[in-house]
Amino acid sequence: MRDLASRGKNGHGLESPALRRDAGVRRRQPGAAAVSRRKRMLSTRPAGDNFVEVTVTDDAAMVYVIDDDEALRDSIVFLLTTSGLEAAPYDGAEAFFAAVPRDTVEGCIVSDVRMPGMSGIELLKRLKSDGPDLPAIVITGHGDVPLAVEAMKLGAFDFIEKPFDDESLLNAVRTALTCRGEERREDGDREALLTRIATLTPREREVFNGLVEGHPNKTIAHDLGISPRTVEIYRANVMTKLQAGSLSELVRIAFVAEGTARTAAR
């Protein structure tokens, strides 16, 4: 399967005619065992004004896809359903909250962070205050680190930068479906991350802090009184020592470390 980022216009995904015919919902054919189980009905408003009744078995976990970009929304739903997951699309956070009960506890959310009306950040704030209690994965623009950090602080389970590949999204969704609340990582993973951070020199730690705050190399260089080229060298060292393949991974590492430090201070 080709990467989501490589499909459609401007890297926003591939529109599926089948999804359009089904008003935005593509369903797997249930087996005999699924048919025999008691089912519940969930009303969704994927796009426009038409409600769609989606039959979901009691033990199925739904992935709620929220994005105002119809092509990307359809593409994500297509990827999820063809990978054996249940998915329901919404063209905005308002439509999601209007359709999904506050006491829903099974499933997860995949939402763009920049949307007209209620943004992804506002969605996270409402989830935190009113529910439903579902882990949320936010999709951010490339290099939009400050917004990603804000999302994580508001309780986002994870974030993914555009452009992203199929496996990155699928891995994040599957992890969210098997983890609940603050159980983002095992204690052993936290210990390993803290051990890696401890290997940074004082100057590397300063560069690391600047990067996860969303500052470009030139700003970090100015703040530290060094050249941008020197920042690039320190940045490469930080990525290697922390075993991070991208800036988004650095942000996750920093968030875990910050959370551990807050817990220890209590």
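Side notes on the structure shown:
- For PHE159, residues with placed amide H under 5 Å, excluding near neighbours: VAL138
- Karplus-derived HN-Hα couplings along segment 193-205 (A = 6.51, B = -1.76, C = 1.60, θ = phi - 60°), whole Hz, x at Gly and Pro: 5, 5, 5, 5, 4, 5, 7, 6, 6, x, 5, 5, 5
- Paramagnetic reach from CYS179 (point 7 Å along Cα→Cβ, amide N under 19 Å) across segment 229-252: 242-252
- Global form of segment 187-265, assessed from the alpha-carbon gyration tensor, a/c cut-off 1.5: prolate
- Cα gyration tensor shape of segment 101-234, rounded if a/c is under 1.5, else prolate or oblate by comparing a/b with b/c: prolate
- Per-residue HN-Hα couplings for segment 228-242 [Karplus 6.51, -1.76, 1.60; θ = phi - 60°; Hz; x = Gly/Pro]: x, 5, 5, 4, 4, 5, 5, 4, 4, 5, 5, 4, 5, 5, 8
- In this label model, ARG229 and GLU167 are separated by 3.6 nm, measuring between points 7 Å along each Cα→Cβ vector.
- Other-chain or far-sequence residues with amide H under 5 Å of GLU213's (modelled H): none
Readers should treat all values here as calculations from the given coordinates under stated rules, not as data from a laboratory. Bear in mind that the values here come from a model prediction, so they are computed numbers and not experimental data. Positions of Cβ are backbone-derived with ideal geometry, glycine not excepted, and every protein chain shown enters the neighbour counts.
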